[in-house]
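Visitor: The structure's right below; bear with me while I get my questions together.
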Amino acid sequence: MRKILFWLHLVTGLIAGLMIFVMCVTGALLTVERQTLDWADRHDARVVPVPGAQRLALSDLIAKLEGPPSAVTLRSNPSEPVEAVLGRRTVYVNPYTGAITGQPSKRAHEFFEDLRAWHRWIAISDATHKNTQPIYDAANLLFLFIVLSGPFLWWPKKFTRRHLRPIVWFRGGLSGKARDFNWHNSIGLWTNIPLLIIVATGVVLSYSWATNLLYRIAGTQQPKFAAAQKSKEPLNWQGLDMWIARAQAKLPDWRTITVRNAPSPAISLSLDSGTGGQPQKRFTLTLNRATGEEVKWEPFMQNNLGFELRILSRFAHTGEVGGWPLQAFAGIVSLGGAVLVYTGFALSLRRFLAWRRRKARVSIPEAVRVA
């Protein structure tokens, strides 16, 4: 059984290895996407407030813009600009003067969009990715099998120091096959569980059947969301300062508050007390537009279990769910996956060359006998 599992492990690795390598390297870079974009977008737009300076009321700030925005994001950091969406354009506004101080970095966003395209389907154009995405998703599924089968192949015959030393920790002074074997086993051991989480959540993100299975395991149904209604009526921001004050009082440790305006009797505010990639720290506050009275308070963790797991899967995939320490760890684990591909290919090549040499040694006496 172990021999069958070994050959399945080896063959699937050879089939999907190149795509897994690309996924691991690009995935490691994508773990820092949020922090990199935050810096690139708002680094030059940040302000140094004068001691004693007071922020403008948001209603006054909006009045200074070229038109009513469709959404506004306020950050608790006094140096951070206010973010306003004007049509298809996003601008950053000085919260003390109302002057526009910058826009999101186009080059940084394009870089990560291309990187994400390579991570998901090894293609940048929309026309190509429709053909490559099913192959790439299948490679991730094979990666899941490789990660699951790894511990069974790693398991030593005897738990003695002599048997464990080559496969548990890095050993210096090794080269060739011994080094590749040591790296493949030790990295595979220490990254197995986090790599399993990363790959399994990737499967959930790739396949609808995996998402349905997740809801089935949770014993809940997928929620149905009503489509957003579009309206050509001018957006009314009257009462904005009252809405923001209500939200700040509801969640004192807020970091961002986003108001998306829509022509309806109620107004919804999205509050976040985390880094932006922690859905468990997100809340939605619905207020009566005219009176400011609370209509509904919805913490993320009050959703049904299946929906929570599905959303958490997205941010567990990059480690964002645990903040920057877990993001850094996920990036290191992803790089470890790339090393596993390299050492796996190296060990397979050495095995093939050794088989060729054995075959050559066996065939020489036979040729002499025939002669």
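The values are calculated or read from the model by the stated rules, or taken from the named source; none is laboratory data. This is a predicted model, so every value here is computed, not measured. Positions of Cβ are generated from backbone atoms using ideal geometry, with glycine treated the same way; all protein chains shown enter the neighbour counts. Ligands, DNA and RNA are stripped out before the accessible areas are found, and what is left, the full protein with its side chains, is counted by its heavy atoms. Shrake-Rupley method; radii C 1.70, N 1.55, O 1.52, S 1.80 Å.
Visitor: What number comes out for accessible area per residue over the chain if the probe is 1.4 Å? Units Å², please.
Guide: 60
Visitor: Please report the accessible area of Leu340 (heavy atoms, 1.4 Å probe, ligands and nucleic acids excluded) in Å², nearest 10.
Guide: 30
Visitor: Follow-up question, since we're still on this one. Would you mind checking the radius of gyration and Dmax of the chain based on alpha-carbon positions, in Å?
Guide: In Å, with Rg to one decimal and Dmax whole: 27.2, 103.
Visitor: Follow-up. Between Asn131 and Lys224, how many nm apart are label points set 7 Å from Cα along the C-beta direction?
Guide: About 3.8 nm separates the two model spin labels.
Visitor: Let me know the longest stretch in the chain that avoids all trypsin sites (Lys or Arg not before Pro) found in a DSSP loop with at most 12 other C-beta atoms within 10 Å.
Guide: By the stated rule (loop sites, at most 12 other Cβ atoms within 10 Å), 233-371.
Visitor: Mind ranking Asp60, Asp241 by accessible surface for me, highest first, 1.4 Å probe?
Guide: Largest accessible area first, the list is Asp60, Asp241.
Visitor: State, as an integer percentage, the relative contact order of segment 262-351 based on alpha-carbon contacts under 8 Å between residues 6 or more apart.
Guide: 20
Visitor: I would also like to ask the following. Rounded to the nearest 20 debye, what is the charge dipole size of segment 1-122 about its Cα centre when +1 sits on each Lys and Arg Cβ and -1 on each Asp and Glu Cβ?
Guide: Here the size comes out at about 420 debye.
Visitor: Taking Cα atoms, how many degrees apart are the long axis of helix 323-370 and the longest axis of the chain, rounded to 10 and kept between 0 and 90?
Guide: For 323-370 against the chain, the angle is about 20 degrees.
Visitor: Right, next: Please give the contour-minus-distance gain from Gln103 to Asp253: 0.36 nm per residue of separation, less the Cα-Cα distance, rounded to one decimal in nm.
Guide: Between Gln103 and Asp253, full extension yields an extra 51.3 nm.
Visitor: Averaging sequence separations of C-alpha pairs under 8 Å and six or more residues apart, then dividing by the length of the chain, give the relative contact order as a whole percent.
Guide: 21
Visitor: Additional query: As an exercise, use a Förster radius of 45 Å and the Cβ-Cβ distance of Phe159 and Glu113 to find the FRET efficiency, rounded to the nearest 0.05.
Guide: 0.40
Visitor: Within the accessible area of the chain, what % is carbon and sulfur when the probe is 1.4 Å and the other protein chains stay in place?
Guide: 62
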